[in-house]
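Below is one structure, written out as structure tokens; comments come after it.
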Amino acid sequence: MVDVLQHGWKVMRIVVLIIALFAPSAAWAQTPYAGMQSRHIKALSDQQIGDLRAGRGMGLALAAELNGYPGPSHVLELADQLGLNPEQRSKVEAMFSEMRAETTPIGSRLIESEADLDRQFASRTITDESLGSATAAIAKTQGELRQAHLKYHLRTAAVLDQAQLARYAELRGYTSGGASQRHRHHQ
């Protein structure tokens, strides 16, 4: 009987320990947005706002990047390993500057559109009509931003030769999926 009771207490302690360990994560799973209510713009983190203001891609061009169309930023980071000649480097640097000049204002518009939507909800002035307008503006701006980033991936790939594209895929760790082998004709 004593052995049964001792075993029962051991099992009970293990159960209590498991509950204590997983209770905080269970509460977190139920409230994944906790803490976000203090953001200036609820739908955007500080990192996202910084990326948008700086013209960074934020993964918007993954369709290009992961299918063998590198972006100008990463090509410049790997310029020496890719063996860019001076003409290629100059073209990619120019594209990078053009891309930032184009995407930074679009990113600023996106931030403002998200801030407007946030203000409407915060002030409780949102209506079905203003919600439709705000989300349509955000979607349009997101599409413009994504197109701009993808366009520069397309243009950057056209500056590199097949060996450089293959090397890029290798340096970025994409060769196991065959990204460099799937690369098709580039303009």
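Restricting the search to helices (runs of 4 or more DSSP H) fully inside segment 28-102 and requiring at least 3 residues that are of a type outside the set (Asp, Glu) and more than 17 Å from the chain's Cα centre (by Cα) gives 79-82. The listed residues are 29, 54, and the only one of them that is at pLDDT below 95 and over 22 Å from residue 104 (Cβ atoms) turns out to be 29. Looking only at residues of segment 136-150 that are touching a residue at least 12 places away in the same chain (Cβ under 8 Å) and open to solvent by 60 Å² or more (accessible area, probe 1.4 Å), we find that the one that is nearest to residue 99 (Cα to Cα) is 146. The residue pairs whose first member lies in segment 106-135 and is at pLDDT below 95, whose second member is open to solvent by 70 Å² or more (accessible area, probe 1.4 Å) and assigned to a helix (DSSP H, G or I), and whose beta carbons are closer than 7 Å, counting only pairs six or more residues apart or on different chains, do not exist in this structure.
Residues that are assigned to a helix (DSSP H, G or I) and surrounded by 13 or more Cβ atoms within 10 Å (Cβ to Cβ) within segment 122-132 comprise 130, 131, listed in sequence order. Tallying residues that are modelled with pLDDT of 95 or more and open to solvent by less than 10 Å² (accessible area, probe 1.4 Å) within segment 168-180 yields 2. Across segment 69-78, the number of residues qualifying as free of Cβ contacts under 8 Å to residues at least 24 places away in the same chain and either among the charged types (D, E, K, R) or within 10 Å of residue 164 (Cα to Cα) (or both) comes to 1.
Residues considered: 165, 154. Of these, the only one that is surrounded by fewer than 17 Cβ atoms within 10 Å (Cβ to Cβ), touching a His at 6+ places or on another chain (Cβ under 9 Å) and in a helix (DSSP H, G or I) is 154. In this structure, residue 66 does not qualify as in contact with a Leu (Cβ under 9 Å, 6 or more places away or on another chain) and in contact (Cβ under 8 Å) with a residue 24 or more places away in the chain.
Per the listing 55, 107, the residue uniquely on the phi > 0 side of the Ramachandran plot and surrounded by 19 or more Cβ atoms within 10 Å (Cβ to Cβ) is 55.
The values are calculated or read from the model by the stated rules, or taken from the named source; none is laboratory data. None of these values were measured; they are calculated from a predicted model. Virtual Cβ from ideal backbone geometry, glycine too; neighbours counted across all protein chains shown. Heavy atoms of the whole protein, side chains included, go into the accessibility calculation; ligands, DNA and RNA do not. Shrake-Rupley method; radii C 1.70, N 1.55, O 1.52, S 1.80 Å.
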